[in-house]
Amino acid sequence: MQIHVGGIGIIPSPQLSMIGVVDMEVPATSSGDISSAMEDLTVDSKEVGDGSSQTDTTHEALFYVLPYLGLRELLTLETLSRRLRDLIRGDPLSWQQLLVDAPSNKNFTNVELVKLTSRAQGRLQSLSLVKCLKISEEVVEAVLVANPLVHKLGLAGCTGVSAEAILRMVKLQTDRRSPDFPGLVQLRIQGLYGITTEIYNSLLAMMQPSENLSSASTPQYFNRGETSPPFDEDRAIDIEICPKCGGARLVFDCTRPTCQERRNNPLYQCRGCYLCIARCEECGMCIDTTEEENGETFCLESLCQSCWLQSPKCSECNRAGCSYHVSLSRKFEDGSFICDMCLLNSTGPESDE
């Protein structure tokens, strides 16, 4: 069962041995300690005593709830009784899914990856690392060697992993495919360097999507940050070959109703990557940047005419902005706001004269 709280989908437990990895040398990290990577998540916990003065009245139903709890709650529960502590720390089935996302990905290193994945005792099934810039491909490959059941692998934005390493990882899991080992069925590699058309076709051929999975069966709409589709969507690989430029990137469909009607017509469709087609930051609709009715934004993001009219405007320059940058702007009691550019101009040297 996957738990995703504060960027890490894990359940704490003591360090366990990892076949093929526990004796390996892990490259030095900035912290060298797993506690630093989880500093923003963990709570201070004191080891329970020997239990001689405690009466364990834990209800049996609580054990069925544990996989659904967040990381902070689990760490707190560890301090309540020896029984809870042993259950939370010693159940490898709760570690079958590992997701590391923002904000914890900022300081997530090879040391943390080895320690966390080792707690699955070789039963890891899904590994998703999002923009973990300190992760190396050698350690990720070692984790896969020790966990033959991994069938979902996400390395979106992990620029320390090369395209050649992705090929090796997929081949490793493919060669293991058997009635007992499913092989790799879903892959998320958006943002990795060096993914060519040839490499993409090789990956897709090795993974052999099942009847329920394909390379591009469900429309994918533009979203801030170009995030890859989650594993619960029916896509084998998150990226596609852009029909406009031929690059292997995230390819987006249009939310405009008239564009959706002609999705299967390659002559008129507006499917393409972010480099080929400008899209509204709010609704994902394709935008003709040459049209004069497109309003100016203070954040320099593109907005369609409808979203521009509905977006709040800066009280100084009357320019609209996407919801993300509006949320970062300075707010006033009456609900109005002033954009960063106007705020900078109002507090500059000229305003002090």
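Packing around the peptides 335-346, 303-314, 118-129, taken as the average count of other Cβ atoms within 10 Å per residue, puts them in this order, highest first: 118-129, 303-314, 335-346. Sorted largest first by accessible area at a 1.4 angstrom probe radius, with every protein chain in place, the residues LEU153, LEU133 fall in the order LEU133, LEU153. Taking amide H as placed 1.01 Å from N in the peptide plane, the amide H of VAL251 sits under 5 Å from that of GLU240, each at least 5 places away or on another chain. The largest accessible area among ASP234, ASP86, ASP180 belongs to the first residue in ASP180, ASP86, ASP234, and the rest follow in falling order (1.4 Å probe, all chains).
Counting only protein chain heavy atoms and rolling a 1.4 Å probe, the accessible areas of LEU77, LEU113 rank, largest first, as LEU77, LEU113.
Working from label points 7 Å from Cα in the Cα-to-Cβ sense, the ASP86 to LYS331 distance is 5.0 nm.
The label point for SER162 and the one for SER202, both projected 7 Å from the Cα toward the Cβ, are 1.2 nm apart. Within straight cross-link reach of LYS171, meaning Cα distance under 30 Å, which lysines are found once same-chain residues fewer than 8 apart are removed? Qualifying lysines at Cα under 30 Å: LYS106, LYS115, LYS131, LYS134, LYS152, LYS244. Converting phi to 3J(HN,Hα) with the Karplus coefficients 6.51, -1.76 and 1.60 and the offset θ = phi - 60°, segment 115-129 yields 5, 6, 6, 5, 6, 7, 6, x, 9, 4, 10, 9, 10, 10, 10 Hz in sequence order, with x at every glycine or proline. Segment 131-168 and segment 307-332 have Cα centres spaced 40 Å apart. In this simple spin-label model, placing a label point 7 Å from the Cα along the Cα-to-Cβ direction at both ASP288 and GLU60 gives a separation of 6.9 nm.
The values are calculated or read from the model by the stated rules, or taken from the named source; none is laboratory data. Every value quoted in this text rests on a predicted model; they were computed, and no experiment measured them. A quick note on method: Cβ atoms are made from the backbone with ideal geometry, for glycine too, and the neighbour counts reach across all protein chains shown. Note: areas computed on protein heavy atoms with side chains; ligands, DNA, RNA excluded. Shrake-Rupley method; radii C 1.70, N 1.55, O 1.52, S 1.80 Å.
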